[in-house]
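The values are calculated or read from the model by the stated rules, or taken from the named source; none is laboratory data. Owing to the predicted nature of the structure, the values given are computational and were not obtained by experimental measurement. Counting neighbours? That spans all protein chains shown, and the Cβs are built from the backbone with ideal geometry, glycine included.
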């Protein structure tokens, strides 16, 4: 079987699973990159691991060869590319395509009323409802977005991103997360990581820890990242009297961010519905962090079960976030239990090794006229989760 994946660019989130597919398929696996990476992500260290990847081809350097691969491979997985011209010839030929996508309507499903938008969605997706085209949903709300335009009925599957799996003695890792202040008092370490931009709502982390300080909690918040809101966040910390409790570390490379996660007791994930997936959730769970996360984040309903492997608050509800954070800070055993179960969720099911096996099996089934789906996790049938229902879904 020849399998080709086409995306705008490869990054450290995609490399681990691609490596596993290459182990299975060897030279029959190719990743085609169609664009150069954005400058912001390069500054975050996203391009540092590309190097000499044996299965990577750059479309701009070999357009003819890449176009031939897209047309002639047994299976092509296509996503993350706005220019549909790369995949149109294969779709027109009626050959099997697996698409992957984040949300169509991050800004709100009301946007489906746009006639121009519906025409574009029909051209790219709806017209292939009965064709050999399948959808991998990179986020819990993707299936409902595509359902609104009648695309891929009964052919939508749970999927996401699968960053590097790190294996630990999880009990030892959690034990090593114990920190103490200069007076020898147990200090809860809290981490927020990402770009300082509007939809990621980093200000919610700072406002939440002000609540902790008012409650007399011994804590420290590490803010890793940078961006347009950085000046505003620094001013907020000073205004709220949190200079001793909050440290800004700037952008860090992915491996350095993991180090912060390994030391953190709690990971705060405050993005809204504009966060299509949110790979930091996978990484924080893999690092044994107790997570408090907004239900609007695409990965949250797929990865988190409230009270089992994390805590989930209603989108934008800062009061609920503050209460959950206070509970986590005051309950050592709850943090340990959530952190351990979070780690096991990634180790057992949501990791690049398992994902590659499932994807290979799924593709092999398609070639044999079968649809091989899993009972849970990656490549299970995508549930129909509407945005307003994501909060309750995490409580099933």
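Picking from residues in the stretch 191-207 that are in contact (Cβ under 8 Å) with a residue 60 or more places away in the chain and in contact with a strand residue (DSSP E or B) (Cβ under 7 Å, 6 or more places away or on another chain), the one that is surrounded by the fewest Cβ atoms within 10 Å (Cβ to Cβ) is 195. All of 246, 158 fail the test of being assigned by TED's automatic domain parsing to the domain that holds residue 335 and under 27 Å from the mean Cα position of the chain (by Cα), apart from 246. Kindly establish whether residue 106 is surrounded by 14 or more Cβ atoms within 10 Å (Cβ to Cβ) and not assigned by TED's automatic domain parsing to the domain that holds residue 297. Criteria met by residue 106.
Just one residue in the set 224, 188, 237, 217 is in contact with a strand residue (DSSP E or B) (Cβ under 8 Å, 6 or more places away or on another chain), assigned by TED's automatic domain parsing to the domain that holds residue 325 and in a helix (DSSP H, G or I); that residue is 237. Look through the stretch 150-164, keep the residues that are touching a helix residue (DSSP H, G or I) at 6+ places or on another chain (Cβ under 6 Å) and surrounded by fewer than 22 Cβ atoms within 10 Å (Cβ to Cβ), and return whichever of them is nearest to residue 78 (Cα to Cα). Per the criteria, the residue is 150.
Filtered by the rule that a residue be loosely packed, with under 12 Cβ neighbours inside 10 Å, modelled with pLDDT of 90 or more and either touching a strand residue (DSSP E or B) at 6+ places or on another chain (Cβ under 6 Å) or within 24 Å of residue 275 (Cβ to Cβ) (or both), the stretch 109-127 gives no residues. Restricting 338, 359, 344, 311 to those that are without any contact (Cβ under 8 Å) to a residue 40 or more places away in the chain and either under 24 Å from residue 167 (Cβ atoms) or in a strand (DSSP E or B) (or both) reduces the list to 311.
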